[in-house]
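Okay, structure first, notes after.
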Amino acid sequence: MIRSRTRYWSYIPLVLLVIFYLIPIYIMVITGFKAGDEISVKTMWDLPKTMGVENYLKAFKQLAPNLLNSFKVVIPAAILSSILGSLNGYVLAKWKFKGADVIFTLILFGMFIPYQSVLIPLVQFMDSIGLYGSIPGLILVHIIYGIPITTLTFRNYYASIPNELVEAAKIDGADMLGIYRKILLPISIPSFVVVLIWQFTQAWNDFLFSVILTQPQNWTVTVALNNISGGQIIPWNLQMAASLLAALPTLLVYIFLGRYFLRGMMAGSLKG
Amino acid sequence: MQDRKEKRLAFLMVLPSIIAVGIFVYGFIGWTTRVSFSAWRGMNPDYTFVGFKNYINLFVNNLRFQIDIKNTLIFTVVFVLGCLILGLASALLLDQGLKGESFFRSLFIFPMAISYIVTGVVWRWLMNPAAGSRMSGLNLLFDKLGLDFLINSWTSTPTWGIAFLAIPAIWQLSGYTMAMYLAGLRAIPDELREAARVDGASEFNIFRYIILPLLRPVTLSAMVILGHMSLKTFDLVIATVGKQLVLDMPSVHMWQITFDGLQYGSGAAISILLLIFTAVLIIPYLFFSLRKEVK
């Protein structure tokens, strides 16, 4: 009896939490819809009088090249680092060579380092191989620093597949690549979705690498947004519309594929 | 025989990744370490060895680095505690099998899918310290709701301003902490609670003496993960408060003196210190997690 009553009361703190998590989004969306004469500090919490989309159109026009750059970086980076992670995970779970566990630990550490500790050489190195400032350079960086987490996720998944399955396939005459292609790859499609989504989100939201490694014409959307926001020159309603546009791709991925996003997130805390 | 050939092929498959991570993580860390011991200042690399000079300069008479340390400490404590408390509270609320649980859960986690660069601007506006007729943001909302006692000057608060910067960070990562706690709670068998109830234990005592101790590993993991994130905080500072000396953090300091000030030696020293602190947190955690897995 008591328990059901406490359960009923639980909705009060839960609704308060919902308000806390939604406040920034509320402000972002309503301000984005407001017309120029409507934006005043006094009425910032009020709903817009009209639902004009001009701000969103204007923001889109301004951010379109950067949104495109982001897609150009993020899609190949997510796909390639997932493929590498899957190959690594397969070998490190099912074909352990001598020292495989040490190598795995060393790779894993790469996911926790503060990237500041590699930035100076990174800039020098990218410059020396002629990729500094370019989109391919940024793709390469995202692929390489994505390897630890993608390897971790796939290794944990493949480790959960019974060894008997691999042994049985070996007896049937399948070789290493055959077992991967015919047995493990097909059943790891959900893991691919998890890793792709996670890498897509991480790379999309990246700021540090983009701001250091790209030239203005190759700026990704986060760098461009940081440049137009916060200042006094661009009106608030336009800034908020631009922010929402920059968040939209990852937000949509979260809304439609949230289940997979959560699994990627938990892999990051080493809990598989 | 066949097996050995296959194993060699397997090794060749991971070799590109090993080389890439070897260069981009370990090689570059080594390179940065070398820069941190060098006199490099200005456009052109200068690897003249100066010993610990760059490190000593940071700790002696460097006001900015002292601010960094103070800010990182305050920020970390507020951020980690905030995430743990809010995360545990919401996990406990959601663990009762309420209607709409998955809706609440998804909603609490969604901030993690958005970049600080996006939300930082909104938070900057929400945490506007202006008073009187220019009052805006959350202060204005508090004023309208009659919650005047909550009105404050946010990140402009003297000494403790950095603590308020933890609010957007808590907003973004408390849902993640909740997910970790929820997974921990789900792993506790119901029989344990039932048995305690049969023995006449109160709900609070069950929580205090059974649930909380069993959640200790989760708390520890969350502290390590959140703690190392807070050391690395960068985007949040840039987007929410910009480059203000009183609200400086090591990552921002490193970025500015290296890429704007061209003091490569000092910048490298800061980043190596950041790496050492991160490693102190992460390496024991890594070994512990992986050893547990083997068992």
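We did not get these values from a lab; they are worked out from the coordinates using the rules stated. Treat the numbers as computed from the prediction; the structure is a model and nothing was measured. Every residue, glycine as well, gets a Cβ built from its backbone with ideal geometry; the counts of neighbours run over all protein chains shown.
Which residues in segment B:223-264 have a backbone N closer than 19 Å to a point placed 7 Å from the Cα of B:L81 along the Cα-to-Cβ line?
Inside the label zone: B:223-231.
How much net charge surrounds B:S38 when only other residues with a Cβ under 14 Å from its Cβ are counted (Lys, Arg +1; Asp, Glu -1)?
+2
Tell me, what HN-Hα J-couplings in whole Hz come from the Karplus equation 6.51 cos²θ - 1.76 cosθ + 1.60 at θ = phi - 60° for each residue of segment B:125-136, using x for Gly and Pro?
Per residue, the Karplus-derived 3J(HN,Hα) values read 6, 5, 9, 6, x, 4, 10, x, 6, 9, 4, 8 Hz.
For B:F287, B:F11, A:F104, which order do you get if you count the other beta carbons within 10 Å of each Cβ and list the fewest first?
Numbers: B:F287 11, B:F11 17, A:F104 22.
Fewest to most other Cβ atoms nearby, the residues stand as B:F287, B:F11, A:F104.
Order these by the 10 Å Cβ neighbour count, fewest first: A:S229, B:S174, B:S202, B:S136. Numbers along the way, then the final one.
Values: A:S229 23, B:S174 28, B:S202 10, B:S136 19.
Least crowded to most crowded, the residues run B:S202, B:S136, A:S229, B:S174.
Once every DSSP H run of n ≥ 4 in chain A is given -39500 (n - 2.57) and the sum is divided by its residues, what mean residue ellipticity at 222 nm do you get, rounded to the nearest 500 deg cm²/dmol? Walk me through the numbers before you get to the answer.
On the way: 12 runs with 196 residues, N = 272.
Theoretical 222 nm ellipticity from helices: -24000 deg cm²/dmol.
Report the residues of segment A:97-136 in range of a label on B:L290: point 7 Å along Cα→C-beta, backbone N strictly under 15 Å from it.
Residues A:97-113 qualify, since their backbone N sits under 15 Å from the label point.
Once R0 is set to 60 Å, what does the formula 1/(1 + (r/R0)^6) return for the Cβ-Cβ distance between B:K99 and B:K53, expressed as a FRET efficiency to the nearest 0.05? Before the final figure, lay out each step's value.
Details: r = 64 Å, r/R0 = 1.06.
Given R0 = 60 Å and the Cβ-Cβ separation, E is 0.40.
So which DSSP H runs in chain A come out at 27 Å plus along the axis (Cα) with average Kyte-Doolittle of at least -1.0? Display every interim value, and only then the final one.
Working: long enough: A:11-33 (31 Å, 2.35); A:54-94 (55 Å, 0.60); A:135-159 (35 Å, 1.04); A:236-267 (37 Å, 1.12).
What comes out of the filter, once short or polar helices are dropped, is A:11-33, A:54-94, A:135-159, A:236-267.
Give the calculated FRET efficiency between A:L57 and A:S134 to the nearest 0.05, with a Förster radius of 51 Å applied to their Cβ-Cβ distance. List each step's numbers first, then the result.
Working: r = 30 Å, r/R0 = 0.59.
Between A:L57 and A:S134 the formula returns 0.95.
Over 30 Å between Cα atoms, which of A:K94/B:K292; B:K232/B:K292; A:K58/B:K243; A:K182/B:K5; A:K72/A:K96 qualify? Walk me through the intermediate numbers first.
Numbers: A:K94/B:K292 19 Å; B:K232/B:K292 27 Å; A:K58/B:K243 28 Å; A:K182/B:K5 20 Å; A:K72/A:K96 35 Å.
The answer is A:K72/A:K96.
Can you give the net charge of the other residues whose Cβ lies under 15 Å from the Cβ of A:D37, counting K and R as +1 and D and E as -1? If you can, show how the numbers build up before the last one.
Numbers: positive: A:K34, A:K42, A:K49; negative: A:E38, A:D46, A:E54.
Here the count lands on 0.
Find the centroid of the Cα atoms in segment B:1-78 and in segment A:40-58, then give the distance between the two in whole Å.
What the calculation gives is 47 Å, centre to centre.
Taking amide H positions as placed in the peptide plane 1.01 Å from N, state which residues far from B:S38 in sequence (5 or more) or on other chains have amide H under 5 Å from it.
B:V50
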